[in-house]
Amino acid sequence: MRHNDLDILIQEGEGTTLEFKESLSSSFARELVAFANTIGGKILLGVRDDGSIVGVQDTNALRARVQDIARNCDPPVRVRAEPVGDVFAVHVKESDAKPVQCTEGFFWRQGAVTQKLTRNEIRGFFRLEGVVRFDLSPCPRFKYPDDFDQGKFNRWLGHRPPSGGGCTGQHRGGRKSGWHAALSERGGALLRQERTALLSGGLHHLLAGPRHRQGSHSRPQGL
């Protein structure tokens, strides 16, 4: 950043992508998270809210603190710092793993203000960013075995069990029968998670019997 660029930014004032800070205060982590959750931005250390420059000294300690705070965010925030005259500019990258949080919570940028996200906003943010997948969302209304459709499950596996198989899990001639055998062939993990896997929202619509499908077609909430 050149001095002319800095002058233009200060004249424009604080906004969605620009924050003035007189020093590296306790709110710095909130600003980093807010920019990372929005579209990125710049934090100018050594500048008061009114745009007057007080300056900060560019030291290794200051650079280390900035990097430490950025790394301690979850996930870490990518930053690039550079001195411009008496001002220390911190460039914050928009995160590709939103939402980002610090120890104080989740924040985003609304105009020139950093706002903490409410519970509903956090839930919406997770769904918007695809963090909560519908096919992995639990469906508490699914009751096993009442709502389990053996035929549909067999078709989903692409494997039809031997005649008389069923879901008993009994052994015949040293081998597992029915769909337990199919699950074993496709991975022991599925067999060990027989109950929990069937509660998946994605499998629910695929495997539910007619009685349960008449109840509701609504998506389960992610959080």
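Read the figures in this text as sums done on the coordinates, not as results from a lab. None of these values were measured; they are calculated from a predicted model. Positions of Cβ are generated from backbone atoms using ideal geometry, with glycine treated the same way; all protein chains shown enter the neighbour counts.
How much of the pair distance distribution for segment 53-118 lies past 15 Å, counting alpha-carbon pairs only, in percent?
When every Cα pair of segment 53-118 is considered, 60 percent fall beyond 15 Å.
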Order by neighbour count: 68, 7, fewest other Cβ atoms within 10 Å first, most last. 68, 7
